[in-house]
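Reading through the C-alpha cells given below for one structure.
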Amino acid sequence: MGTYNEEEAIGTVLDDIDEVTDGRAEVVCVDGSSDRTPEIAREHGARVVEQEPQGYGVAVREAILTPDRPVVVTTDCDDTYPMEALPEFLAEINDGADVVSGDRLYHGAKAMPAFNRLGNHAFAAVASLLMGERVHDTTTGMRAYRREIVEEIGWTENTGLSAELLIRPLMRGYDVRERPIAYAERLGETKLDPIGGGAAIAKSIVTVCLEEQLRRF
C-alpha cells in the first residue's frame, strides 16, 4: 500500500488483512504522511517505508517491489476494498493467473462519487478500444500479481500506474483475470484531484496502449 494521511482507515484495513490471512501476510506501507498513519501502521505490525510524497505510482511501485514474496497484492488504505476477497484472489493465482484485478464497477460501485464512476467507465472503454480486448476497471487499487510479472515489466507511469499495471501484462499475453468486488465508501478525505488526476490517467492509458502496440512490431 502507498499511504498518505489515512489515519482514519489504516488501522481497520490492517486489522482486516490480519484477520483474513491469519497474520501470515507481510504488509508494506510506503508512507509520506504528515498525520499518524505510519505510527498506526507500525502498531498494527506493518512494515513502513518512509518516503517523501512523490505521487501514487512512486509509492505503489516501492511497495510492490519491497517484499520478497512470490505473490504481491496491492490495495488502497481507505477501507473501500473488501479484504475478505483476498483468499479468492490468491486462489486464482494458484489456479494459474498471473494478475487478478478487482472489478469495482461490476456491482455498480454506488459508494463511488458519480463523476469518478463515469470516469472509470470511460477509462475502461478507451483502454478496451485501444487494446482490442475488453476490460472493465482499469484503475482499481486491488490486485494480486505473481512477483516475476512486476519485476519483468518496466513501469513508467505515476498517477496512471494502476492502469499501466493492468494494461502492460494484458497486452503481453499474461493470464490477467478480472474479478468482481464490492466497493465501500471511503474513510477520510480523498487525495485525488478528479480533473487533473483523471486527465493524467487518461493520458497514461493512451500512452501505454500505444507503446505496447508499437512493441509488437
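None of the figures in this text is laboratory data; all of them are computed from the coordinates on show. All values derive from a computational prediction rather than experimental measurement. Neighbour counts are summed over all protein chains in view; Cβ atoms, including those assigned to glycine, are modelled from backbone coordinates with ideal geometry.
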- In the range 74-201 the DSSP beta bridges are antiparallel at a rate, in percent to nearest 5, of 45
- Query: Taking a point 7 angstrom from the Cα of Ile153 along the C-beta vector, which residues in the range 44-58 have backbone N less than 17 Å away?
  - Reply: 57-58
- Message: Suppose each label sits 7 Å from its Cα in the direction of the beta carbon; what would the Glu88-Leu118 distance come out to in nanometres?
- Response: 2.9
- Task: Take every DSSP beta bridge with both residues inside the chain and express the antiparallel ones as a percent of the total, to the nearest 5.
- Result: 40
- Glu39-Arg172 pseudo-label distance in nm [points 7 Å out on the Cα-to-Cβ vector]: 4.2
- Task: As a check on your grasp of the helix formula, calculate [θ] at 222 nm for the chain: sum -39500 (n - 2.57) over DSSP H runs of n ≥ 4, divide by the residue count, round to the nearest 500.
- Result: -13500 deg cm²/dmol
- Task: Kindly identify the range 89-134 as rounded, prolate or oblate by the Cα gyration tensor criterion: order the square roots of the eigenvalues as a ≥ b ≥ c, call it rounded if a/c is under 1.5, otherwise compare a/b with b/c, prolate if a/b is larger, else oblate.
- Result: oblate
- Query: Out of Asp76, Asp103, Asp15, any idea which swings most in a Gaussian network model of the chain, alpha carbons joined below 10 Å?
  - Reply: Asp15
- Message: How large is the Kirkwood hydrodynamic radius of the range 126-192, counting all unique pairs of alpha carbons, in Å?
- Response: 13.5
- What is the local net charge at Tyr106, summed over the other residues whose Cβ is closer than 9 Å to its Cβ (Lys, Arg +1; Asp, Glu -1)? -1
- Please get the size of the charge dipole for the range 18-160, origin at its Cα centre, with Cβ charges of +1 on Lys and Arg and -1 on Asp and Glu, quoted in debye to the nearest 20. 440
- Message: I'd like the orientation of helix 114-131 relative to the chain: the angle between its Cα long axis and the longest Cα principal axis, in ° from 0 to 90, rounded to 10.
- Response: 40
- Can you tell me which of 89-96, 124-131 comes out highest on packing, and rank the rest after it, using the mean Cβ neighbours within 10 Å? 124-131, 89-96
- Mean 1/r over all different Cα pairs, inverted: what Kirkwood radius does the range 70-217 give, in Å? 15.5
- Query: Okay, which of the range 97-137 sit inside 15 Å, backbone N to the point 7 Å along the Cα-Cβ direction of Val71?
  - Reply: 97-102
- Query: Going by alpha carbons, how many degrees (0 to 90, nearest 10) lie between the helix axis of 56-65 and the longest principal axis of the chain?
  - Reply: 80
- Query: What FRET efficiency comes out for the pair Ser128/Arg216, r = Cβ-Cβ distance, R0 = 22 Å, nearest 0.05?
  - Reply: 0.80
- Task: Give the Debye-formula value of log10 I(q)/I(0) at each listed q (0.20 Å⁻¹), with one equal scatterer per alpha carbon of the range 1-141, two decimals each.
- Result: -1.34
